[in-house]
1. To the nearest 20 debye, what is the magnitude of the charge dipole of the chain about its Cα centre, counting +1 on the Cβ of each Lys and Arg and -1 on the Cβ of each Asp and Glu?
2. Can you give the extra length, in nm with one decimal, that the chain gains between Arg237 and Asn138 once fully stretched, where that is 0.36 nm per residue apart less the Cα-Cα distance?
3. I need the calculated FRET efficiency for the pair Lys205 and Phe14, taking r as the beta carbon distance and R₀ as 25 Å, to the nearest 0.05.
4. Tally up the carbon and sulfur contribution to the accessible surface of the chain as a whole percent, 1.4 Å probe, everything protein left in place.
5. Using Cα pairs closer than 8 Å and at least 6 residues apart in sequence, work out the relative contact order for the chain, in percent.
6. How would the range 35-174 be classified by its alpha-carbon gyration tensor: rounded, prolate or oblate, with rounded meaning a/c under 1.5 and the a/b versus b/c comparison settling the rest?
7. If each residue of separation counts as 0.36 nm, what is the full-extension length gain between Leu59 and His43 once their alpha-carbon separation is subtracted?
8. Net charge near Asp76, counting Lys/Arg +1 and Asp/Glu -1 over other residues with Cβ under 15 Å of its Cβ?
Amino acid sequence: MSSTNNKFLPIGGFIKQSLIDYPGNISSVIFTQGCNFRCIYCHNQDLIWPKRIQQSKKLDIDAILNWIFQNKLLLDAVVITGGEPTMHSSLENFIIQIKNLGLKVKLDSNGTNPDVLQKLIAQNLVDYIAMDVKAPVNLEEYKKLVGEAFNKNQLENIKRSIEIIKNSRVEFEFRTTVLNEFHTTESIEEIAAFINSNVYLQNYKSVESNDTMHLRPFKNLHDFVRNSNFSSYFKLRE
C-alpha cells in the first residue's frame, strides 16, 4: 500500500503499537515534522527545529503505510501528532488512506489551523481530536510559552478551533501541560473558564534538552485540582 500523494508528509517518528495515546484503543503513532510553535518545554524538539530536521533520519512513509496495512487487524486506530500535523497539505490524503483501512484516526493539534480541522471534521476523517491549550488564551501569555513569533491571527485561530471542536460530534479533549515557572492557579482556572469544558492537566516532566532552563513541575497539582472552583472541569493525566 503506497501513494506518491503522501511523499510530502514529513514523518520524523513512528511507534508501531501504543496502548496510551488513544484512550481505549490500540494505535500506531505517527509524528510529523515541523511546527509553527517553539514551546520552551517541547519534548519533541528534533521534530521542530529546521536544522535538527535536516540532520534527522528520514522515515519511509510507504513502508509505514505498508506496515499499518499488514497489521491493521492488530490495531484500532492511528494517532497523528507532531510537530503540528495540520501544517501539511498532504495530511488529508494520508488520513483518507488510514480510514480506508477501517481504522480510526486521532489527531493532535495546537489549534492554529481551524480551517483544516473543520474540513477534516466535515468529511468524517477524524474520530478524536486532542487540542493543546498552552496558556490562558491571550497574546502575552501564549508568547511566554510558544515564542515571540506568536501573533494575533494565530490567537484568533485558536479561539475558532476551540469552538469548532466543541461544536463538533467528534470525541475531543483539551489539554494543558503545566509548569511551575509559567502557570499559576489563577491562570489554569482561566483556561478552564475560557474553554468552558473539561481540561486534561498533565504535569511537566523534565527532559534532558530542557534541563538547563530549570523548568519544574507544577507544585501540588493534585491539591489544586481538588480545591479549585473548576475542579469538575479538570482531569489529571499522569
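The values are calculated or read from the model by the stated rules, or taken from the named source; none is laboratory data. Keep in mind that what you see is a predicted model, and the values were worked out from it rather than measured. Every residue, glycine among them, receives a Cβ derived from its backbone with ideal geometry; neighbour counts consider all protein chains shown. Note: accessible area is taken over every heavy atom of the protein model, side chains too, but ligands, DNA and RNA are not part of it. Shrake-Rupley method; radii C 1.70, N 1.55, O 1.52, S 1.80 Å.
1. Here the size comes out at about 360 debye.
2. Working it through step by step, the gained length comes to 33.2 nm.
3. E between Lys205 and Phe14, to the nearest 0.05, is 0.70.
4. C and S fraction of accessible area: 48 percent.
5. Rounded, it is 16 percent for the chain.
6. Note, shape of the range 35-174 comes out oblate.
7. Gain in length upon complete extension: 3.8 nm.
8. Taking every Cβ under 15 Å from that of Asp76, the sum is +2.
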